[in-house]
1. Under the rule a/c < 1.5 gives rounded, and otherwise a/b versus b/c splits prolate from oblate, where does the chain land using the Cα gyration tensor?
2. Stretched out fully, how many nm does the piece from Q68 to T36 gain, at 0.36 nm a residue minus the Cα gap?
3. Taking neighbour counts of Cβ atoms within 10 Å as a proxy for exposure, in what order, fewest first, do Y74, Y56 appear?
4. Does anyone have the angle between helix 65-87 and the longest principal axis of the chain? Alpha-carbon axes, 0 to 90°, nearest 10?
5. Using a 10 angstrom Cβ neighbour count of at most 10 plus a DSSP loop assignment to flag exposed trypsin sites (Lys or Arg not before Pro), which longest range of the chain is free of such sites?
6. Using only alpha carbon pairs under 8 Å that are at least six residues apart, calculate the relative contact order of the chain and give it in whole percent.
7. Treat the count of other C-beta atoms within 10 Å as a stand-in for reagent exposure and order S41, S31 from fewest to most.
8. Full-extension gain between H89 and V44, please, as 0.36 nm times their residue separation minus the C-alpha to C-alpha distance.
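Readers should treat all values here as calculations from the given coordinates under stated rules, not as data from a laboratory. This one's a predicted model, so the numbers in the text were calculated from it and none came from an experiment. A quick note on method: Cβ atoms are made from the backbone with ideal geometry, for glycine too, and the neighbour counts reach across all protein chains shown.
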Amino acid sequence: MLRRKYLRLRPCTLAWLVLLILSTVSFILGSGRTGTLFITSILVITLVKGQLIIRYFMGLRRVRLLWQAIMGTYLVTIGVIIGLAYFAH
């Protein structure tokens, strides 16, 4: 029974592990590869990582929906601007 207590991961620890995995996947996808599919995948992974950071490390997981919407809109806006800047040329 005592062992189960130590095997449970806190949400922020789990989010950190997911961030590590997503960072590794982004690195592998971006290593020497170009193309729309790779760039779009990396951008989406980056937005997911940003959402994890906002929810678990900035403490916005339990706040009002308005604040979550503001930060989510900010992330999407920045993602769209970066996407437009990349795909415009």
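1. On the way: a/c = 5.03, a/b = 1.46, b/c = 3.45.
Here the chain falls in the oblate category.
2. Numbers: separation 32, 0.36 × 32 = 11.52 nm, distance 2.94 nm.
8.6 nm is the gain from fully extending Q68 to T36.
3. By the 10 Å Cβ count, ascending: Y74, Y56.
4. Value to nearest ten degrees: 30.
5. My reading of the result: 9-61 is the longest stretch.
6. It comes to 26 percent, rounded to a whole number.
7. Placing the least packed residue first, the sequence is S31, S41.
8. 14.2 nm
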